[in-house]
Amino acid sequence: MATTRFAGKTVLITGGAGGLGAAMATTVAAQGGAVAILDTNQDAINTLVAKLTASGAKADGRVVDVRDGAAVTSAVDALAEALGGIHILIAAAGGSLGTPRDMDQISDADLDLVIDVNVKGTYYCARAVIPHMKKNQGGAIVTFSSIGGRSASPVTGIPYAASKAAILGLTRRLAKEVGEFGIRVNAIAPGLFLTDRLAGMFEAMSEHDRKEVLDGIPLGRMPELRECVDPVLFLASDESSYITGTVLDVNGGRLMPN
């Protein structure tokens with residue numbers, strides 16, 4: 001891929017300091033983009049920003065809990081000022097966040113955490129970037145749903161499934177509302193990508209459940225991290241300039257919607 005793919009654009013990545021987020025940030029920088037990071041881990045932000053700037057890229061980051069709408073807006077405004085606007089949002093912060101899978105073990109606090117980070121956090125981040133995208137007369141937002149929000153998953157629990165299904169409704173409604181401003185909004189729905197957090201959950205499953213997961217994947221294997229990074233960056237880039245309000249399933253064929 002040409003190194004100028006994101007030239008002249010600032011890409012904001014939430015949950016961007018580690019794992020999948022850091023992989024996307026590194027690829028964006030390699031393809032000519034400036035990188036803005038929101039994360040809760042200051043040390044990880046510092047390490048990644050230092051790595052990106054040492055490579056010649058523009059990069060900056062802020063510590064933010066995406067559940068705090070006011071803090072999100074303040075951080076986004078500061079990053080836009082530092083990096084020359086915000087052109088693309090990849091709203092990757094979220095997940096099951098270490099909460100239990102089974103209903104009889106899920107507390108009210110677990111439910112609130114997963115809903116607040118995944119749904120409210122995505123909404124707050126989108127709300128914060130849209131004014132900057134309007135100034136730029138266009139932009140792209142990529143939200144993170146999941147195969148767990150598209151079908152029943154043996155890996156994650158009800159709060160996760162509900163929140164990731166809600167992301168799809170948020171994506172479609174937001175795409176309809178901001179399309180007139182040249183802003184596209186699409187969702188990615190990955191299958192099981194074994195980042196550090198999910199690898200632990202997968203290993204904790206019974207051998208039967210792990211076999212069920214693998215047997216249900218027509219491609220017969222777990223994915224590489226780049227196989228999620230590349231589809232996300234496709235939706236973020238001008239290569240998908242006439243795609244909005246859709247969901248891209250990236251799961252090796254485990255789910256094949258009509």
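The values are calculated or read from the model by the stated rules, or taken from the named source; none is laboratory data. Since this is a predicted model, take the numbers as computed values, not measurements. Quick reminder, even Gly has a Cβ in these numbers, built from the backbone with ideal geometry, and neighbours come from all protein chains shown.
Considering only segment 116-125, I want to know if a residue exists there that is touching a Phe, Trp or Tyr at 6+ places or on another chain (Cβ under 8 Å), surrounded by 15 or more Cβ atoms within 10 Å (Cβ to Cβ) and either farther than 21 Å from C228 by Cα or of a type in the set (D, E) (or both).
Within segment 116-125, the subset touching a Phe, Trp or Tyr at 6+ places or on another chain (Cβ under 8 Å) is 118, 122.
Those left that are additionally surrounded by 15 or more Cβ atoms within 10 Å (Cβ to Cβ): 118, 122.
Those still in the list that are either farther than 21 Å from C228 by Cα or of a type in the set (D, E) (or both) too: none.
The answer is no, given that none of the residues of segment 116-125 is touching a Phe, Trp or Tyr at 6+ places or on another chain (Cβ under 8 Å), surrounded by 15 or more Cβ atoms within 10 Å (Cβ to Cβ) and either farther than 21 Å from C228 by Cα or of a type in the set (D, E) (or both).
Tally up the residues in segment 126-135 that are over 30 Å from G98 (Cα atoms) and surrounded by fewer than 18 Cβ atoms within 10 Å (Cβ to Cβ), please. Qualifying residue count, segment 126-135: 3. Screening the candidates T3, T14, T10, T40 for the property of being more than 21 Å from S74 (Cβ to Cβ) and among the hydroxyl-bearing types (S, T, Y) yields one hit, T3.
Test I167 against the criterion of being at pLDDT below 95, surrounded by 21 or more Cβ atoms within 10 Å (Cβ to Cβ) and under 14 Å from the mean Cα position of the chain (by Cα), and give yes or no.
Working: at pLDDT below 95: no; surrounded by 21 or more Cβ atoms within 10 Å (Cβ to Cβ): yes; under 14 Å from the mean Cα position of the chain (by Cα): yes.
Against the criterion (at pLDDT below 95, surrounded by 21 or more Cβ atoms within 10 Å (Cβ to Cβ) and under 14 Å from the mean Cα position of the chain (by Cα)), I167 does not qualify.
Comparison of R184, R210 shows that the only residue that is surrounded by 14 or more Cβ atoms within 10 Å (Cβ to Cβ) and modelled with pLDDT under 90 is R210. Regarding segment 181-190, can at least one residue be identified that is in a helix (DSSP H, G or I), among the β-branched types (V, I, T) and in contact with a Leu (Cβ under 9 Å, 6 or more places away or on another chain)? Checking segment 181-190: not a single residue is in a helix (DSSP H, G or I), among the β-branched types (V, I, T) and in contact with a Leu (Cβ under 9 Å, 6 or more places away or on another chain). Scanning segment 30-67 for residues that are surrounded by fewer than 19 Cβ atoms within 10 Å (Cβ to Cβ) and either among the aliphatic types (A, V, I, L, M) or in contact with a His (Cβ under 6 Å, 6 or more places away or on another chain) (or both) yields A30, A50, A54, V63.
Residue check: is S237 at pLDDT 90 or above, surrounded by fewer than 18 Cβ atoms within 10 Å (Cβ to Cβ), under 28 Å from I141 (Cβ atoms) and not basic (K, R)?
Values: at pLDDT 90 or above: yes; surrounded by fewer than 18 Cβ atoms within 10 Å (Cβ to Cβ): no; under 28 Å from I141 (Cβ atoms): yes; not basic (K, R): yes.
Taking the combined requirement at face value, the residue does not satisfy it.
Within segment 1-21, the residues that satisfy the criterion of being more than 17 Å from M133 (Cβ to Cβ) and out of contact with any Ser or Thr (no Cβ under 9 Å at 6 or more places or on another chain) are A2, T3, T4, A7, G16.
Restricting attention to segment 217-234, the residues that are surrounded by 16 or more Cβ atoms within 10 Å (Cβ to Cβ) and in a loop (DSSP other than H, G, I, E, B) total 3. Taking the conditions exactly as written (crowded, with 17+ Cβ neighbours inside 10 Å, out of contact with any Asp or Glu (no Cβ under 8 Å at 6 or more places or on another chain), at pLDDT 90 or above and assigned to a helix (DSSP H, G or I)), does L248 satisfy them or not? Criteria not met by L248. Selection of segment 130-169 for residues being closer than 21 Å to M24 by Cα and touching a residue at least 60 places away in the same chain (Cβ under 8 Å) yields A140, V142, S145, I147.
The numbered conditions (1) in contact with a helix residue (DSSP H, G or I) (Cβ under 9 Å, 6 or more places away or on another chain); (2) of a type in the set (A, V, I, L, M); (3) surrounded by fewer than 24 Cβ atoms within 10 Å (Cβ to Cβ) are all true for A78 except (1). If you take the residues of segment 72-99 that are without any contact (Cβ under 8 Å) to a residue 60 or more places away in the chain and touching a strand residue (DSSP E or B) at 6+ places or on another chain (Cβ under 9 Å), which of them is nearest to R184 (Cα to Cα)? The extreme case among them is V72.
Residue by residue through segment 1-58, note down the ones that are part of a helix (DSSP H, G or I), aliphatic (A, V, I, L, M) and closer than 16 Å to R226 by Cβ.
The initial filter retains those residues of segment 1-58 that are part of a helix (DSSP H, G or I), namely 19-30, 42-54.
Keeping just the survivors that are aliphatic (A, V, I, L, M) gives 20, 22-25, 28-30, 44-45, 48-50, 52, 54.
Correct list: L20, A22, A23, M24, A25, V28, A29, A30.
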